[in-house]
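Read the figures in this text as sums done on the coordinates, not as results from a lab. Note that the structure is a prediction, hence the values are computed from the model and not measured. When we count neighbours, we look across all protein chains shown, and the Cβ atoms used for this are built from the backbone with ideal geometry, even at glycine.
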Amino acid sequence: MDQAKAVLFVMCSALTAAAFGCGYSEEEMQVKRDRIDQLTRALDKLEQDHRDLQDRFKTVASENADLAERLRQMGMNVEDSKKSISDMNKMIEDLRQKEKQAQARLQTFRNMLEKFKKMIESGKLRVRIQRGRMVVELSENILFDSGRADLKKEGQVALQEVAGVLASIPDREFQIAGHTDNVPIKSPKFPSNWELSTARAVTVARFLGSQNVPENRLSAAGYADTQPVASNDAPEGRAQNRRIEIVLMPNLDELPDLSALEGAK
């Protein structure tokens, strides 16, 4: 059992032990256990991708050796063979760099998950892996009153804990994303859910900046009700959709190389 799974195992044990001391029902505890199981599966998927990348690296290295031998046997032009080998070596080096980046990103995810375990246990936030990114999710009822963008005292306390974790992670940018349900809002301050979701994201970003998270690593965006995580047909689903997400953004070296498009008309 690796480090992250060991952490999640301890979390599950702690949750079970806390069921009697903290007044959680068995159903509530099962929901928390299910969430930790989901995170474990997400990390397993990242580990499988890492292993696939290693297998690809080994395959390319083997093909490189075979190509060099075939070129020697065929008596190809020395310059042509050198170029082919050089191209293959470059491919191998690119794969090696991607493997290192994938491993570093996976370790960052594990570190963040471990640091957030207490808040996950207490129900203050959820963590999920989405499109290769780690997303920290806080519900509206912890941070804001209905229809408002002013942080509640409880929300400030929760965000102070979150800020401590974010500030400890070097060289990473975070996007604060505001989301609402599909119930329209219309007030002098917030003409629609677009304004409300954006204002809430900006409020959280400013607060995190005041808690030693460098502001040049923060951005804010409002999505209104365009990205629901549950159905808006029931109150429970609408409650899940009213949320703030803190997204761990990829570094530039993790993005696709588009240098070939430079200068294109």
From the P(r) of region 124-252, could you give the percentage of C-alpha pairs in the tail past 25 Å? 20
Contact order normalised by residue count of region 124-252, Cα under 8 Å, 6+ apart, percent: 35
Filtered hits (aspartates and glutamates, Cα-Cα < 14 Å from LYS58, offset >= 8 within chain) -> ASP66, GLU93, ASP94, GLU99
Local net charge near ILE176, Cβ-Cβ under 10 Å (Lys/Arg +1, Asp/Glu -1): +1
Summed residue charge, Cβ within 14 Å of ARG148's Cβ, Lys/Arg positive, Asp/Glu negative: 0
Search the structure for amide H atoms under 5 Å from the amide H of PHE144, placed 1.01 Å from N in the peptide plane, and list their residues when 5 or more places away or on another chain. LYS152
Determine the alpha carbon to alpha carbon distance for each of LYS115/LYS189; LYS153/LYS189; LYS117/LYS153; LYS118/LYS152; LYS153/LYS186 and list only those over 31 Å. LYS115/LYS189
On the formula 1/(1 + (r/R0)^6), with r taken between the Cβ atoms of GLU99 and THR226 and R0 of 35 Å, the FRET efficiency rounded to 0.05 is 0.50
